[in-house]
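The values are calculated or read from the model by the stated rules, or taken from the named source; none is laboratory data. Only a predicted model underlies this, so the values are computations on that prediction, with no experimental measurement involved. Virtual Cβ from ideal backbone geometry, glycine too; neighbours counted across all protein chains shown.
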């Protein structure tokens, strides 16, 4: 039987630095994790210093591997020069990611901070940026996992359209099982998104909860309203072989209690 790659996300475990997280997560049973940009890069310059090998070795001491690296991009920029800088930094970071032992750049589309970019420009701006970064991915041997995150990329039909229009086999999806619901889609629509995106999934965030926006409440896996078993079944049918990465946003975050519950669900259902 193939190894179950059960993972967790470092950056939303309160009270732990990276090593403390690695120790606690490995005690629970996790073997994989997603790290964030600030774990790897020490500044925002295009050629910024990094600690990729150091982080890889630290995690390995606790029997853990990196499943994805959050690359820290924002492709919604009002000034063309700022977008160019984002693209240049993205390409530079893609050259570093293989040093972590993984090939997944977990990516956002854009955040539109301070509402500087009109919504009618979002699609064209993100399409252009992802086309530009996809050009160099063969050389770096990195794949992009576009997250359904925030308000700009939380539509599965749009994600599929973007993948098709960029036309690169190295652009796929980080499927967050809860975020579509947080955005406001109903459960039937969310299952539809799982169905059309499953063949394009490079990485997953296994997340559960109830409600949308101000009514959203995070929960341990299996304790919310998300049809997790359906998502898992679809991904297994497509041959998904990446990590099943728990992301817990419920009320029992302290000490990793919620992540222990999520691990129990993953161990039983993956």
I'm told residue 27 meets every condition in (1) in a helix (DSSP H, G or I); (2) in contact (Cβ under 8 Å) with a residue 12 or more places away in the chain; (3) closer than 17 Å to residue 253 by Cα except one. Can you identify the failing condition by its number?
(2)
In segment 30-62, anything touching a strand residue (DSSP E or B) at 6+ places or on another chain (Cβ under 7 Å) and part of a helix (DSSP H, G or I) is listed as 37, 40, 55, 56, 59
So, in segment 1-47, how many residues would count as being within 15 Å of the chain's Cα centre (by Cα), more than 15 Å from residue 102 (Cα to Cα) and surrounded by fewer than 19 Cβ atoms within 10 Å (Cβ to Cβ)?
3
Give me the residue from segment 135-153 that is touching a strand residue (DSSP E or B) at 6+ places or on another chain (Cβ under 9 Å) and assigned to a loop (DSSP other than H, G, I, E, B) and, out of that set, nearest to residue 168 (Cα to Cα).
142
Filter segment 96-133 for residues that are at pLDDT below 95 and assigned to a helix (DSSP H, G or I); which is surrounded by the fewest Cβ atoms within 10 Å (Cβ to Cβ)?
114
Quick count over segment 63-95, residues being more than 13 Å from residue 37 (Cα to Cα) and in a helix (DSSP H, G or I), is 11
Looking only at strands (runs of 3 or more DSSP E) that lie completely in segment 176-238, which have at least 3 residues being in contact with a strand residue (DSSP E or B) (Cβ under 7 Å, 6 or more places away or on another chain) and either on the phi < 0 side of the Ramachandran plot or in contact (Cβ under 8 Å) with a residue 60 or more places away in the chain (or both)?
201-206, 217-219
